[in-house]
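Participant: Got a structure for you, questions after.
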Amino acid sequence: MDGAGSLPQVHGRPMVTDGGMETDLIFHHGIDLPHFAAFPLLESARGQALLADYYDGYAAIARRAGAGLVLESSTWRANPDWGGRLGYSAADLARVNTAAIALLARLRERYETTVTDIVVSGMVGPQDDDYQPGQLPSADEAAAYHRPQIDAFAQAGADMVSALTLTGTGEAIGIVRASRAAGLQVTISFTVETDGRLPGGLSLAQAITEVDDAGGPDYFMVNCAHPTHIEPALAEPGPWRERLVGVRYNASAKSRAELDQATELDDGSPRLLAAAHAQLSPLLPRLSVVGGCCGTDARHVAALWRAGRDADW
């Protein structure tokens, strides 16, 4: 990566990204992740090796698909609220956020001989619980709150910021402001309920338009939702749909409330998820980044990238 305007996915380059890191590690690898936080794995050589092995699977998918690769850091929970619950100070969080980007930089060096166009992205999560959001922060509050994490990404050499599973426009606007102040490109990814609306009832079109009117990110995504949940949102026509460049699907078609109460993993069917994606993707004219979220793993993401390709891919 070489500076502003150089994100290949913005220019139409197909890009693989990973799946549901936390659910994969918990249910398939037996790793205990208190508060759904993967970033403490960065504190040990064993944890970093586990993360590297996880990313290796998605690099293989990108290589096979002839696509680029967005490497997302394991820092969705590495902010003051969630880190504080795990005993992490501000200095501790700066250290692990830096370590997360350093790990991805090393992996990029490993992959770049066989994968063209690799983007290192620092992942930001919501301040509050994305499944049961409380009082949402204002834009100014969010900019101040998320700025230390974003600054750590910038200082460590990240190419961009990815803010995933957001439920409000104020927090999205604040994250964009903090990213711009740190000199980083940024994507905003909202999550939607089964009706295609944000948890507070705002339509996806309204949310994207409101954030764009306040400055806007480099592009938008939707994550932590099944394709059948995103489809109702796309019934609203308009140029706003061209701002959606990425999707990260849940494996399950269950509602967020149902998943929040679940004690077992619902990993759905990779084949059916790919079929639902194939039906949705024509409604997204600029779709470039495709990956997974809760319940998905490399099987699901591989199936998404096989959809519409030769059967022996």
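The values are calculated or read from the model by the stated rules, or taken from the named source; none is laboratory data. The model shown is predicted, which means the values in this text are computed figures rather than measured ones. With ideal geometry, Cβ positions are generated from the backbone for all residues, glycine too; neighbour counts draw on all protein chains shown.
Participant: For a quick check of your reading: which helices (runs of 4 or more DSSP H) sit entirely within the stretch 1-116 and have at least 3 residues that are in contact with an Asp or Glu (Cβ under 7 Å, 6 or more places away or on another chain) and at positive phi?
Facilitator: Output list is empty.
Participant: Okay, next question. Please determine whether any residue of the stretch 250-272 is among the aliphatic types (A, V, I, L, M), under 24 Å from Gly12 (Cβ atoms) and touching a Lys or Arg at 6+ places or on another chain (Cβ under 9 Å).
Facilitator: no
Participant: Between Val290, Val301, which is in a helix (DSSP H, G or I), in contact (Cβ under 8 Å) with a residue 60 or more places away in the chain and within 19 Å of Leu69 (Cβ to Cβ)?
Facilitator: Testing whether each residue is in a helix (DSSP H, G or I), in contact (Cβ under 8 Å) with a residue 60 or more places away in the chain and within 19 Å of Leu69 (Cβ to Cβ) leaves just Val301.
Participant: Would you please list the contacts, defined by Cβ atoms under 7 Å and residues six or more apart or on different chains, that run from a residue in the stretch 226-250 that is over 15 Å from Ser189 (Cβ atoms) to a residue that is of a type in the set (Asp, Glu)?
Facilitator: Listed by first residue and then by second, the contacts come to Pro232/Asp195.
Participant: Going by what's in this entry, would Leu33 be described as among the aliphatic types (A, V, I, L, M), under 14 Å from Leu103 (Cα atoms), crowded, with 16+ Cβ neighbours inside 10 Å and modelled with pLDDT of 95 or more?
Facilitator: For Leu33, the condition - among the aliphatic types (A, V, I, L, M), under 14 Å from Leu103 (Cα atoms), crowded, with 16+ Cβ neighbours inside 10 Å and modelled with pLDDT of 95 or more - is not met.
Participant: Could you list, in sequence order, all residues of the stretch 147-196 that are farther than 17 Å from Asn223 by Cα and assigned to a loop (DSSP other than H, G, I, E, B)?
Facilitator: Gly157, Ala158, Asp159, Ala182, Gly183, Leu184
Participant: Also: Just one of the numbered conditions (1) closer than 27 Å to Asp129 by Cα; (2) surrounded by 23 or more Cβ atoms within 10 Å (Cβ to Cβ); (3) under 17 Å from the mean Cα position of the chain (by Cα) is not true of Leu304; which one?
Facilitator: Every condition holds for Leu304 apart from (1).
Participant: Please determine, by comparing only the residues of the stretch 57-112 that are of a type in the set (Lys, Arg) and surrounded by fewer than 22 Cβ atoms within 10 Å (Cβ to Cβ), which one is farthest from Asp24 (Cα to Cα).
Facilitator: Arg95
Participant: Considering only the stretch 183-209, state which residues are closer than 16 Å to Ala142 by Cα and either touching a Pro at 6+ places or on another chain (Cβ under 6 Å) or surrounded by fewer than 20 Cβ atoms within 10 Å (Cβ to Cβ) (or both).
Facilitator: Across the stretch 183-209, the qualifying residues are Val186, Thr187, Ile188.
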